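Structure first, then comments.
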Amino acid sequence: MKILLTGFEPFGGSEVNPSEQVVRAIARRPPRRVRLATAILPVDQQKGPAALWSAVEQHWPEAVLCLGEAAGRTAISIERVAVNLLDYRIADNAGNQVSDQPIVAEGPAAYFVTLPVRALLTALQEAGIPAELSLSAGTFLCNQVTYVLLHRLHESGRALPAGFIHLPALPEQAARRSPPIASMSLETMERAVRIALETMVRECSRKG
Ligand code: PCA
């Protein structure tokens, strides 16, 4: 199965982004049943969604899994919904900080992701990895790219499974915060995303 896996470059003053590191690690040794395409997206209100869509058009994968960092989350967070709202709590890497705007004027208020979120959660929990379903990817870029992806897939009539997983901070990022925040090792996050990809293959071939 051909899957597009994406991460983000570092942002918000951090030198690393676990989502980029996980994507690069999996690209070096993709799971056996996955034909993997990858992209690292810029943390930029204009360029981020455009880079994701151009990777979709370049590869036309059978499924899309996007990853991003949500420092402070205590578990692998499988997002269920993307909302039509831009309300950046910090500036992106180009200095944009937009408030109270829709992502797509006249677009629907929200889209549900089209990944098998319950099966992903169960697979991660059975592997002993802390995981949760999340009702909000926030109102920053991760929510925005997910909304734009689901909107464009919807508009183009392509029913690809597509969605988003937020990763906690890495231990070295958490250690710099005072007080420290929750973290997860790169090895565990990589294992989680491998399990997510394998679950997508299994669930999608069961349905197809
Ligand atoms: N996390 C941010 C954007 C890039 C990233 O990795 C977010 O949660 O919106």
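Has region 104-114 got any residue that is within 19 Å of Val193 (Cα to Cα) and of a type outside the set (Phe, Trp, Tyr)? Quick ask: steps written out before the conclusion?
Of the residues in region 104-114, the ones within 19 Å of Val193 (Cα to Cα) are 113-114.
Within this subset, residues satisfying the condition of being of a type outside the set (Phe, Trp, Tyr) are 113-114.
Yes, the conditions are met somewhere in region 104-114.
Contact list please: Cβ distance under 6 Å, first residue in region 1-13 and farther than 11 Å from Ala51 by Cβ and touching a residue at least 24 places away in the same chain (Cβ under 8 Å), second residue within 14 Å of the ligand (Cβ to nearest atom) and part of a loop (DSSP other than H, G, I, E, B), pairs at least six apart or on different chains.
If the second residue must be within 14 Å of the ligand (Cβ to nearest atom) and part of a loop (DSSP other than H, G, I, E, B), the pairs left are Pro10/Val16; Pro10/Asn17; Phe11/Val43; Phe11/Asn93; Gly12/Ile90.
Within the bounds of region 123-141, is there any residue that is part of a loop (DSSP other than H, G, I, E, B), touching a helix residue (DSSP H, G or I) at 6+ places or on another chain (Cβ under 7 Å) and more than 13 Å from the ligand (Cβ to nearest atom)?
As a first pass, look at region 123-141 and keep what is part of a loop (DSSP other than H, G, I, E, B): 127-130, 135-140.
Now restrict to residues that are touching a helix residue (DSSP H, G or I) at 6+ places or on another chain (Cβ under 7 Å): 127, 129, 137.
Subset that is more than 13 Å from the ligand (Cβ to nearest atom): 127, 129.
Checked region 123-141: at least one residue is part of a loop (DSSP other than H, G, I, E, B), touching a helix residue (DSSP H, G or I) at 6+ places or on another chain (Cβ under 7 Å) and more than 13 Å from the ligand (Cβ to nearest atom).
Modelled with pLDDT under 95 and in contact with a Pro (Cβ under 8 Å, 6 or more places away or on another chain): which single residue out of Leu167, Leu160, Leu197 fits that description? Can you show your working first?
Values: Leu167 fails: modelled with pLDDT under 95; Leu197 fails: modelled with pLDDT under 95.
Exactly one residue qualifies, and that residue is Leu160.
Return the total of residues in region 51-71 being open to solvent by 40 Å² or more (accessible area, probe 1.4 Å) and of a type in the set (Gly, Ala, Ser). Before you say what the answer is, go through the steps one by one.
Let us first name the residues in region 51-71 that are open to solvent by 40 Å² or more (accessible area, probe 1.4 Å), namely 54, 57-60, 62, 71.
Next cut, of a type in the set (Gly, Ala, Ser) only: 54, 71.
So the count comes out to 2.
May I ask you to list the residues in region 75-101 that are within 21 Å of Thr199 (Cβ to Cβ) and open to solvent by 10 Å² or more (accessible area, probe 1.4 Å)?
Answer for region 75-101, where residues must be within 21 Å of Thr199 (Cβ to Cβ) and open to solvent by 10 Å² or more (accessible area, probe 1.4 Å): Arg80, Val81.
Going through region 2-50 one residue at a time, which ones are open to solvent by 30 Å² or more (accessible area, probe 1.4 Å), away from the ligand (no atom under 11 Å from the Cβ) and touching a strand residue (DSSP E or B) at 6+ places or on another chain (Cβ under 7 Å)?
Within region 2-50, Lys2, Ala27, Pro30, Arg35, Leu36, Thr38 meet the criteria.
Could you figure out which of (1) away from the ligand (no atom under 16 Å from the Cβ); (2) exposed (fewer than 15 other Cβ atoms within 10 Å of the Cβ) isn't true of Val117?
(2)
Restricting the search to region 167-187, which residues are over 24 Å from Leu65 (Cβ atoms) and either surrounded by 20 or more Cβ atoms within 10 Å (Cβ to Cβ) or hydroxyl-bearing (Ser, Thr, Tyr) (or both)?
If the condition is that a residue be over 24 Å from Leu65 (Cβ atoms) and either surrounded by 20 or more Cβ atoms within 10 Å (Cβ to Cβ) or hydroxyl-bearing (Ser, Thr, Tyr) (or both), then Ser178 is the only one that fits.
Going by what's in this entry, would Val145 be described as in contact with a Cys (Cβ under 7 Å, 6 or more places away or on another chain) and in a helix (DSSP H, G or I)? If you could, list the steps in order and put the result at the bottom.
On the way: in contact with a Cys (Cβ under 7 Å, 6 or more places away or on another chain): yes; in a helix (DSSP H, G or I): yes.
Taking the combined requirement at face value, the residue satisfies it.
Looking at Glu203, Glu198, which is the one that is in a helix (DSSP H, G or I), open to solvent by less than 30 Å² (accessible area, probe 1.4 Å) and more than 16 Å from the ligand (Cβ to nearest atom)? Break it down into steps so the answer makes sense when it comes.
Values: Glu198 fails: open to solvent by less than 30 Å² (accessible area, probe 1.4 Å).
On inspection, the qualifying residue turns out to be Glu203.
Out of curiosity, is Val193 in a helix (DSSP H, G or I) and in contact with a Gly (Cβ under 8 Å, 6 or more places away or on another chain)?
Working: in a helix (DSSP H, G or I): yes; in contact with a Gly (Cβ under 8 Å, 6 or more places away or on another chain): no.
Criteria not met by Val193.
The values are calculated or read from the model by the stated rules, or taken from the named source; none is laboratory data. Given the structure is predicted, the values throughout are model-derived calculations rather than measurements. Here the Cβ is made from the backbone with ideal geometry for all residues, glycine too, and neighbour counts use every protein chain on show. Each accessible area value is taken on the protein alone, full model and side chains, heavy atoms only, with ligands, DNA and RNA left out. Shrake-Rupley method; radii C 1.70, N 1.55, O 1.52, S 1.80 Å.
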